[in-house]
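**Q** If you scroll down you'll find the structure; I have some questions about it.
Rule-based calculations on the coordinates, nothing more; no lab input. Since the model is a prediction, treat every value here as computed from it, not as a measurement. Because the Cβ atoms are built from the backbone with ideal geometry, glycine has one as well, and the counts that use them run over all protein chains shown.
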Amino acid sequence: MFHTRSTDDGSHFYHPKEITAAFDGFRVQLEQDVSKTGAGHKSDGLSFLATRLATGPGHAIQTSRGRFLVPVWLNSYHLYPSSAGGPNEVIDYRYRTGVVDSDDNGLTWHAGRVITAPSGSLEGSEAMVIETSDGSLYMNL
């Protein structure tokens with residue numbers, strides 16, 4: 001993941017800075033995460049290993065207090081041999097959401113808390129964050 005900025009309304013941008021290391025903070029949180037199959041119907045005892053990390057589908061926001069928040073989604077899946085002998089089948093998709101944030105105009109970035117879905121509900125992915133006029137933050141999953 002990269003961060004860049006502009007001070008002239010997007011006419012020019014600073015050289016992008018890689019901030020992928022901010023995702024490392026999620027790894028510690030996910031070590032104890034025992035995933036659920038499919039839409040969260042039963043526990044399978046497998047740990048959550050993030051195999052894909054991404055932002056979007058939207059964009060980051062800067063809160064009224066100056067904090068940058070970038071909504072992210074994390075995906076874990078397991079590959080099993082195909083019963084037809086072909087390429088591996090991908091089954092048991094797992095998703096988690098969270099944010100990476102910066103309080104110093106993008107100089108340093110940190111992983112926020114991983115958000116897991118309540119038991120029996122669909123897992124969130126491709127989250128968006130908004131701030132309301134009273135400063136409250138909401139995330140749709």
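**Q** With 10 angstrom as the radius, rank ARG27, ARG65 by how many other C-beta atoms surround their C-beta, starting from the fewest.
**A** ARG65, ARG27
**Q** May I ask you to order 122-134, 98-110 by the average number of other C-beta atoms within 10 Å around their residues, highest value first?
**A** 98-110, 122-134
**Q** Which order results if PHE48, PHE23, PHE2 are arranged by neighbouring Cβ count within 10 Å, fewest first?
**A** PHE2, PHE23, PHE48
**Q** Could I ask something else about it? Just want the ordering: HIS15, HIS59, from fewest to most Cβ atoms lying within 10 Å of their own Cβ.
**A** Going from least to most buried by this count: HIS15, HIS59.
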